[in-house]
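Q: Sharing a structure below in structure tokens format, with a few things to ask.
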Amino acid sequence: MELFKLTIHELHEKLVSKEISAKELAQSVFSRIDDVEERVKSYITVTRDEALAKAAEIDKKIAGGESIGPLAGIPTAIKDVMNTEGIRTTCGSKILGNYVPVYTSTAVKNLLEEGIVMTGKTNMDEFAMGSSTENSGFFVTRNPWDLERVPGGSSGGSASVVAADEAIFSLGSDTGGSIRQPAALCGIVGMKPTYGLVSRFGLIAFASSLDQIGPFTKDVTDCAIVLNYLIGHDSNDSTSVKIDKPDYTKALVNDLNGIKIGVPKELMAEGIDSKIKAVIENSLKILEANGAVVAETSLPNIEHSLSAYYIIAPAEASSNLARFDGVRYGYRVPDAEDLIDMYMRTRAEGFGDEVKRRIMLGTYALSAGYYDAYYGQAQKVRTLIMDDFNRAFVDYDVLVSPTTPTTAFKIGEKVGDPLSMYLSDICTIPVNLAGLPGISVPCGTVDGLPVGLQVIGKTLGEEMMLRVAYSFEQSFGWSEKPKL
Amino acid sequence: MAISEKDVKHVAWLARLALDDAEVEKFAKQLDVILEHAGKIAELDTEDVQPTAHAIPLKNVLREDKVGRCLAPEVALANAPHQEDQAFVVPRIV
């Protein structure tokens, strides 16, 4: 049996009933990696020995009659932006090419304690800056649906790894769409929780007021299962929220009777490919057939999201990335004349172009004389965007839109034109600015490439968001897989 | 022009990034296009709008003033490019 094709919930049953062992499961996934990784290139680091040792531990538990949780023994890939003790963590950057963390991020630790079998660390745009994974300091990851195309980004490796069945699920991080956009382009489920729901401790920071960790899974049920164990208050993250932990699997109800769904007209307007619009319109009919009331709404200020985001995110990044200076960790030029020369050349050699662009953009937006016009104004626009969402959520339970304006683009197509690359995140960025939860679920294909439907929830409205996503998934019945 | 080559040289210095002349020219062009787009928000009337720094309202988050667990010196120094006598070593400053 090709175990690597199955979901968390299917595999858990087989593990509990002793139909399969965790070792067999891990071996199945590693044989899949051996078959396809050379073509897809999802992983920066594969941790085969550690994974097989962990699987053996889980098997021992099962044999000893201990009860296991739903994630025990499940092969899991982690985006290389999360610190993992003793395992190299590069953030997709040459400046951290030899960095071996001395502690593990809370999100990963939570899952390790539940018994996941970590298969390795996935490729990404350097410091999570990008929408195609072409900005990785190491190599380009390919879309399993068409190897000439990008998997999206910045969590491209975490998306391709699940789409190509090189892991059962994975973790990514989402600052402006870096989970939802690649999930859409790779035909899988990707979810960004409400800001503050998942601890950012040990997540290498890009833009601290926007970053959030979330799962990539094969279906919405798996997403709810992973979320159950990912969240929780963490005193090591001052922005972590304190809530009673819900059981998100209870939200998976296949019924939308009376649920009010708004469709922001600005996210179905110019700039969205007409074939994508047609797929989304078909999805809206499926939601209506399930009992939902679907109506057009408006978020008048979200046309300014991209502008606000490309000031706020680089401003925060320019400050966060000041720590990479060749002193405490990472790369240092070997022949520095003095301290300033060491800083200047270490950063010039260690960072790629996109990271340099954003550091300079942010430094500029925060510098004397420009602060009010750029950064101060962007923060006010952020308020306007949040107000738009708050008004819409008075009338609607969730909002839906396309996840991306186009399907996966060709490798190299947008590399020379940063602004056109930034535009691939226009549907996802507003959600980060407002700190809301968002999920992308597969909703069809255009010319053989997957399309994602984005469902946006209220603050801490994950349960309603998952219910809508689940109902859609059950009715739509997506079963297409890339041919590799 | 939103940003000149002179501005690029200045921010690169502030951000401690060494750039050669060809890079200054390339980045000036690219940053100009981006800032041109981002700068459009300057036209919006935001006089009575409060800025948002965080999507969730946060008050001061403080912990008890008590010594907790911390990294042993050799662990904290484990990734240092150059270390000696429990300290990070950098090129001569003075």
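Q: If A:Leu227 satisfies all but one of (1) among the aliphatic types (A, V, I, L, M); (2) surrounded by fewer than 23 Cβ atoms within 10 Å (Cβ to Cβ); (3) outside any strand (DSSP E or B), what's the number of the condition it fails?
A: Condition (2) is where A:Leu227 drops out.
Q: May I ask you to verify whether B:Leu31 is assigned to a helix (DSSP H, G or I), in contact with a Lys or Arg (Cβ under 7 Å, 6 or more places away or on another chain) and closer than 18 Å to A:Tyr375 by Cβ?
A: On the way: assigned to a helix (DSSP H, G or I): yes; in contact with a Lys or Arg (Cβ under 7 Å, 6 or more places away or on another chain): yes; closer than 18 Å to A:Tyr375 by Cβ: yes.
For B:Leu31, the condition - assigned to a helix (DSSP H, G or I), in contact with a Lys or Arg (Cβ under 7 Å, 6 or more places away or on another chain) and closer than 18 Å to A:Tyr375 by Cβ - is met.
Q: Only one of these is crowded, with 24+ Cβ neighbours inside 10 Å, over 30 Å from A:Asp447 (Cα atoms), of a type in the set (Gly, Ala, Ser) and within 19 Å of the chain's Cα centre (by Cα): A:Ser93, A:Ser154, A:Ser131. Name it.
A: Values: A:Ser154 fails: over 30 Å from A:Asp447 (Cα atoms); A:Ser131 fails: over 30 Å from A:Asp447 (Cα atoms).
Matching residue, one of A:Ser93, A:Ser154, A:Ser131: A:Ser93.
Q: Scan the stretch B:60-85 for residues that are over 24 Å from the mean Cα position of the chain (by Cα) and within 23 Å of A:Ser238 (Cα to Cα) and jot them down.
A: First, the residues of the stretch B:60-85 that are over 24 Å from the mean Cα position of the chain (by Cα): B:62-75, B:78, B:83-85.
Listed by number, the residues that qualify are B:Leu62, B:Arg63, B:Glu64, B:Asp65, B:Lys66, B:Val67, B:Gly68, B:Arg69, B:Cys70, B:Leu71.
Q: Do we have A:Glu24 as under 29 Å from A:Gln212 (Cα atoms) and either touching a residue at least 12 places away in the same chain (Cβ under 8 Å) or in contact with a Leu (Cβ under 7 Å, 6 or more places away or on another chain) (or both) here?
A: Values: under 29 Å from A:Gln212 (Cα atoms): no; either touching a residue at least 12 places away in the same chain (Cβ under 8 Å) or in contact with a Leu (Cβ under 7 Å, 6 or more places away or on another chain) (or both): yes.
Judged against the criteria, A:Glu24 is not a match.
Q: Now, a different point. Select from the stretch A:60-76 the residues that are in contact (Cβ under 8 Å) with a residue 24 or more places away in the chain and over 32 Å from the mean Cα position of the chain (by Cα) and list them in ascending order.
A: Answer for the stretch A:60-76, where residues must be in contact (Cβ under 8 Å) with a residue 24 or more places away in the chain and over 32 Å from the mean Cα position of the chain (by Cα): there is none.
Q: Condition (residue is at pLDDT 90 or above, among the small types (Gly, Ala, Ser) and assigned to a loop (DSSP other than H, G, I, E, B)) applied to the stretch B:63-73: is it met by at least one residue?
A: yes
Q: Could you please find all residues in the stretch A:341-384 being of a type in the set (Ser, Thr, Tyr) and either more than 16 Å from B:Leu14 (Cβ to Cβ) or in contact (Cβ under 8 Å) with a residue 60 or more places away in the chain (or both)? Step through it out loud before you land on a result.
A: Our first condition is that a residue be of a type in the set (Ser, Thr, Tyr); within the stretch A:341-384, this holds for A:343, A:346, A:363-364, A:367, A:370-371, A:374-375, A:383.
Selection gives A:Thr346, A:Tyr374, A:Tyr375, A:Thr383.
Q: Which number in (1) of a type outside the set (Lys, Arg); (2) closer than 24 Å to A:Tyr396 by Cα; (3) in a loop (DSSP other than H, G, I, E, B) marks the one condition that A:Gly262 misses?
A: That leaves (3) as the condition not met.
Q: So is B:Ala42 within 7 Å of another protein chain (Cβ to nearest Cβ) and either in a helix (DSSP H, G or I) or among the aliphatic types (A, V, I, L, M) (or both) or not? Break it down stepwise before answering.
A: Values: within 7 Å of another protein chain (Cβ to nearest Cβ): yes; either in a helix (DSSP H, G or I) or among the aliphatic types (A, V, I, L, M) (or both): yes.
Yes.
Q: While we're on this one: List the helices (runs of 4 or more DSSP H) that sit entirely inside the stretch A:276-390 and contain at least 2 residues that are more than 7 Å from chain B (Cβ to nearest Cβ) and within 30 Å of B:Asp45 (Cα to Cα).
A: Values: elements: A:305-320, A:339-350, A:353-366.
Per the criteria, A:305-320, A:353-366.
Q: Restricting the search to the stretch A:267-298, which residues are among the basic types (Lys, Arg) and under 25 Å from A:Ile429 (Cβ atoms)?
A: Step one: of the stretch A:267-298, the residues among the basic types (Lys, Arg) are A:275, A:277, A:285.
Passing the criteria: A:Lys275, A:Lys277.
Q: When you go through A:Ser235, A:Ser305, A:Ser240, A:Ser283 one by one, which is the residue that is of a type in the set (Gly, Ala, Ser) and loosely packed, with under 15 Cβ neighbours inside 10 Å?
A: Working: A:Ser305 fails: loosely packed, with under 15 Cβ neighbours inside 10 Å; A:Ser240 fails: loosely packed, with under 15 Cβ neighbours inside 10 Å; A:Ser283 fails: loosely packed, with under 15 Cβ neighbours inside 10 Å.
It is A:Ser235.
Q: Restrict the check to the stretch A:388-411 and report whether at least one residue is surrounded by fewer than 24 Cβ atoms within 10 Å (Cβ to Cβ), free of Cβ contacts under 8 Å to residues at least 12 places away in the same chain, under 24 Å from A:Ser318 (Cα atoms) and out of contact with any strand residue (DSSP E or B) (no Cβ under 7 Å at 6 or more places or on another chain).
A: No: the stretch A:388-411 contains no residue that is surrounded by fewer than 24 Cβ atoms within 10 Å (Cβ to Cβ), free of Cβ contacts under 8 Å to residues at least 12 places away in the same chain, under 24 Å from A:Ser318 (Cα atoms) and out of contact with any strand residue (DSSP E or B) (no Cβ under 7 Å at 6 or more places or on another chain).
Q: Any residue that is within 7 Å of chain A (Cβ to nearest Cβ), surrounded by fewer than 17 Cβ atoms within 10 Å (Cβ to Cβ), touching a Ser or Thr at 6+ places or on another chain (Cβ under 8 Å) and at pLDDT 95 or above - is there at least one of those in the stretch B:2-19?
A: Yes; the residues of the stretch B:2-19 include at least one that is within 7 Å of chain A (Cβ to nearest Cβ), surrounded by fewer than 17 Cβ atoms within 10 Å (Cβ to Cβ), touching a Ser or Thr at 6+ places or on another chain (Cβ under 8 Å) and at pLDDT 95 or above.
Q: For A:Thr445, are the conditions met, namely being at pLDDT 95 or above and in a loop (DSSP other than H, G, I, E, B)? Don't jump to the end; show me each part of the working.
A: On the way: at pLDDT 95 or above: yes; in a loop (DSSP other than H, G, I, E, B): no.
In short, no.
Q: Any residue that is loosely packed, with under 10 Cβ neighbours inside 10 Å and either out of contact with any Asp or Glu (no Cβ under 8 Å at 6 or more places or on another chain) or more than 7 Å from chain A (Cβ to nearest Cβ) (or both) - is there at least one of those in the stretch B:27-35? Before you say what the answer is, go through the steps one by one.
A: We begin by selecting, within the stretch B:27-35, every residue loosely packed, with under 10 Cβ neighbours inside 10 Å; these are none.
Among the residues of the stretch B:27-35, not one is loosely packed, with under 10 Cβ neighbours inside 10 Å and either out of contact with any Asp or Glu (no Cβ under 8 Å at 6 or more places or on another chain) or more than 7 Å from chain A (Cβ to nearest Cβ) (or both), which makes the answer no.
Q: Please specify each residue of the stretch A:401-429 satisfying the condition of being away from every other protein chain (no Cβ under 11 Å) and under 21 Å from A:Lys265 (Cβ atoms).
A: Going through the stretch A:401-429, the residues away from every other protein chain (no Cβ under 11 Å) turn out to be A:401-415, A:424-429.
Listed by number, the residues that qualify are A:Ser401, A:Pro402, A:Thr403, A:Thr404, A:Pro405, A:Thr406, A:Ser424, A:Asp425, A:Ile426, A:Cys427, A:Thr428, A:Ile429.
Q: From the list A:Ser440, A:Ser471, A:Ser479, which one is away from chain B (no Cβ under 13 Å), under 19 Å from A:Gly172 (Cα atoms) and not acidic (Asp, Glu)? Even if it seems obvious, please write down each step before you answer.
A: On the way: A:Ser471 fails: under 19 Å from A:Gly172 (Cα atoms); A:Ser479 fails: under 19 Å from A:Gly172 (Cα atoms).
Checking each option against the conditions leaves just A:Ser440.
Q: To continue, here is another question. Which of the residues that make up the stretch B:63-94 are at the interface with another protein chain (Cβ under 9 Å from one of its Cβ atoms) and farther than 30 Å from A:Ala336 by Cα?
A: Of everything in the stretch B:63-94, just one residue is at the interface with another protein chain (Cβ under 9 Å from one of its Cβ atoms) and farther than 30 Å from A:Ala336 by Cα, namely B:Arg63.
Q: If I ask for residues that are of a type in the set (A, V, I, L, M) and closer than 15 Å to A:Ser319 by Cβ, which ones from the stretch A:364-384 would you list? Quick ask: steps written out before the conclusion?
A: Keep residues of the stretch A:364-384 that are of a type in the set (A, V, I, L, M), which gives A:365-366, A:368, A:373, A:378, A:381, A:384.
Hits for the stretch A:364-384 are A:Ala365, A:Leu366, A:Ala378.
Q: Can you find a residue that is closer than 24 Å to A:Ile302 by Cβ, buried (at least 24 other Cβ atoms within 10 Å of the Cβ), touching an Asp or Glu at 6+ places or on another chain (Cβ under 6 Å) and touching a residue at least 60 places away in the same chain (Cβ under 8 Å) anywhere in the stretch A:440-449?
A: Yes, the stretch A:440-449 contains a residue that is closer than 24 Å to A:Ile302 by Cβ, buried (at least 24 other Cβ atoms within 10 Å of the Cβ), touching an Asp or Glu at 6+ places or on another chain (Cβ under 6 Å) and touching a residue at least 60 places away in the same chain (Cβ under 8 Å).
The values are calculated or read from the model by the stated rules, or taken from the named source; none is laboratory data. Since we're looking at a predicted model, the values are computed, not measured. For neighbour counting, all protein chains shown are included, and Cβ atoms are generated from backbone atoms with ideal geometry for every residue, glycine included.
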